[in-house]
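Let me begin by presenting the structure, written as structure tokens, before commenting on it.
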Amino acid sequence: MELTAEIAAIRDGSGDPARLVGEFRRAVLLVPLADGPESGLMSAVSGGIRWIYAFTDEEALARFAAARGEAEAGREWEFLSVLGARLVDAVVPAAGGPAGVVLNVADVDGSMFFPPVAGIVPDASAVDLAAGAVA
């Protein structure tokens, strides 16, 4: 099953979380690059977690651009194609703090968060395994 179908299955209650993470890890995702002094991968911080934006295809990225307003929708977006596994295994640990991936964030019925927890990110980056974390 492809990633977007697995997300739909999870959202309707019939999906398997382990299969969702597997599809995410195998998927080639589009990750937009940030502009300006931030540079690097586009992300946002919410609740103390850095969320890296990723998209399943150019159409999902275009919906995100349109949701950000006319000026954003009209500009050219640079992005990298990255395996989901590379995002969580290499990029998240290099983020310098808790980080996860938000997929297709502008799609009300198709977005999915991959938080910095065990089973998604490396154990050393998992907030639920951090020293002193409450289980």
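The values are calculated or read from the model by the stated rules, or taken from the named source; none is laboratory data. Small disclaimer: the values here were computed from a predicted structure and weren't measured. For neighbour counting, all protein chains shown are included, and Cβ atoms are generated from backbone atoms with ideal geometry for every residue, glycine included.
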How many residues, within region 28-40, are out of contact with any Asp or Glu (no Cβ under 8 Å at 6 or more places or on another chain) and modelled with pLDDT of 95 or more? 3
Looking at (1) assigned to a helix (DSSP H, G or I); (2) touching an Asp or Glu at 6+ places or on another chain (Cβ under 8 Å), find the lone condition where Gly22 falls short. (2)
Restricting attention to region 2-35, report how many residues are exposed (fewer than 13 other Cβ atoms within 10 Å of the Cβ), more than 18 Å from Val82 (Cβ to Cβ) and not polar (S, T, N, Q). 6
Hey, Asp109 hits all of (1) closer than 22 Å to Leu20 by Cα; (2) within 13 Å of the chain's Cα centre (by Cα) but one; which does it fall short on? (2)
